[in-house]
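J.: Here it is: the structure, laid out below.
Taken together, the values in this text are just the output of simple stated rules run on the coordinates, not laboratory data. Keep in mind it's a predicted model, so treat the numbers as computed, not measured. Here the Cβ positions follow ideal geometry from the backbone for every residue, glycine too, while neighbour counts run over all protein chains shown.
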Amino acid sequence: MTTILGYREQPLRTESEDNEIEYDYHSRSYIFSPIKETPRGAIVTAAVMMCEECGTAIKSMGGPGHRCYCLRCYDALKLFDFAEGHEHEITGN
Ligand SMILES: [Zn+2]
């Protein structure tokens, strides 16, 4: 079983006037994917992935990443967003 180390919020997917897929990195998408341990032998960026909120190292590779949250901060964020009327969607990857 793969341990979930945290969650990463995906950039908001938008479509331009000519139907091209674009990503809005400044807006919230409320869509999260789990951050999992890197499989042995996988080629990844050798950079520490840190929690956007508290700065805790989530994993030693695959960083720096964008809008990554450790499990504790993710729970807090989820509650906060829910209080504001936003539910999170979790996708596979
Ligand atoms: Zn954190």
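J.: Kindly list the number of the only condition in (1) on the phi > 0 side of the Ramachandran plot; (2) surrounded by fewer than 10 Cβ atoms within 10 Å (Cβ to Cβ) that fails for R67.
T.: (2)
J.: Return the residues of the stretch 1-28 that are surrounded by 15 or more Cβ atoms within 10 Å (Cβ to Cβ) and over 23 Å from T56 (Cα atoms); say none if nothing qualifies.
T.: Matches in the stretch 1-28: L12 only.
J.: Going through the stretch 64-76 one residue at a time, which ones are within 14 Å of the ligand (Cβ to nearest atom) and either over 12 Å from the mean Cα position of the chain (by Cα) or under 16 Å from L12 (Cα atoms) (or both)?
T.: If the condition is that a residue be within 14 Å of the ligand (Cβ to nearest atom) and either over 12 Å from the mean Cα position of the chain (by Cα) or under 16 Å from L12 (Cα atoms) (or both), then G65, R67, C68, R72, D75, A76 are the ones that fit.
J.: Would it be correct to say that G92 is surrounded by 10 or more Cβ atoms within 10 Å (Cβ to Cβ) and within 12 Å of the chain's Cα centre (by Cα)? Lay out the reasoning, then the answer.
T.: Numbers: surrounded by 10 or more Cβ atoms within 10 Å (Cβ to Cβ): no; within 12 Å of the chain's Cα centre (by Cα): yes.
Spelling it out, it is not the case that G92 is surrounded by 10 or more Cβ atoms within 10 Å (Cβ to Cβ) and within 12 Å of the chain's Cα centre (by Cα).
J.: Search the stretch 77-92 for residues being within 21 Å of M50 (Cβ to Cβ) and charged (D, E, K, R), and hand back the single one that is farthest from the ligand (Cβ to nearest atom).
T.: Filtering the stretch 77-92 for residues that are within 21 Å of M50 (Cβ to Cβ) and charged (D, E, K, R), the one farthest from the ligand (Cβ to nearest atom) comes out as D81.
J.: If I ask for residues that are more than 16 Å from the ligand (Cβ to nearest atom), outside any loop (DSSP other than H, G, I, E, B) and β-branched (V, I, T), which ones from the stretch 1-57 would you list?
T.: T14, I21, I31
J.: Quick check: anything in the stretch 81-91 in contact with a Ser or Thr (Cβ under 6 Å, 6 or more places away or on another chain) and hydroxyl-bearing (S, T, Y)?
T.: Initial filter on the stretch 81-91 (in contact with a Ser or Thr (Cβ under 6 Å, 6 or more places away or on another chain)): 91.
In the following step, the residues that additionally are hydroxyl-bearing (S, T, Y) were identified as 91.
Yes - at least one qualifying residue is present in the stretch 81-91.
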